[in-house]
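Working notes, structure below.
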Amino acid sequence: MVYRIKPGRTDNEYGPRRPGEIDIWANGQKIVSVRGNIGATLRKNDPRPLVGPYFKFGTYRLRIPGTFHFQFDEFSQASTRAGLGQICAAR
């Protein structure tokens, strides 16, 4: 799977106020696009400032019977679309 994530919120108290975006491809085909408030709201009085990008995903493990785990063959990230293209082309 390939993920393109652009964090963004329209309710930030400081910083950019723009909607976020997530696009996901599986086996070369886009399977989902999400637009809207993505990520944590930036609050002026938050004692824990956000440092760098952070992306978390998963399932509600308590809703799945039995044993459940994720396994990744590879993980790569890039700050630009061009950078991600170079990573994918190198494989």
Revision key, fill the gap. Taking first residues from segment 64-91 that are in a loop (DSSP other than H, G, I, E, B) and second residues anywhere that are β-branched (Val, Ile, Thr) and modelled with pLDDT under 70, the pairs with Cβ under 8 Å that are 6 or more apart or on different chains are 68/59; 76/87; 78/87
Review point. Across segment 19-49, what is the total count of residues that are open to solvent by 90 Å² or more (accessible area, probe 1.4 Å) and farther than 25 Å from residue 1 by Cβ?
Key: 6
**Study point:** Whichever residue in segment 60-91 is aliphatic (A, V, I, L, M) and open to solvent by less than 100 Å² (accessible area, probe 1.4 Å) and, among such residues, is modelled with the lowest pLDDT
**Key:** 90
Revision key, fill the gap. When segment 5-18 is checked residue by residue, the ones that are surrounded by 14 or more Cβ atoms within 10 Å (Cβ to Cβ) and under 19 Å from residue 81 (Cβ atoms) are 5, 6, 7, 8
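The values are calculated or read from the model by the stated rules, or taken from the named source; none is laboratory data. None of these values were measured; they are calculated from a predicted model. Using ideal geometry, Cβ is built from the backbone for each residue, glycine included, and neighbour counts are taken over all protein chains shown. Ligands, DNA and RNA are stripped out before the accessible areas are found, and what is left, the full protein with its side chains, is counted by its heavy atoms. Shrake-Rupley method; radii C 1.70, N 1.55, O 1.52, S 1.80 Å.
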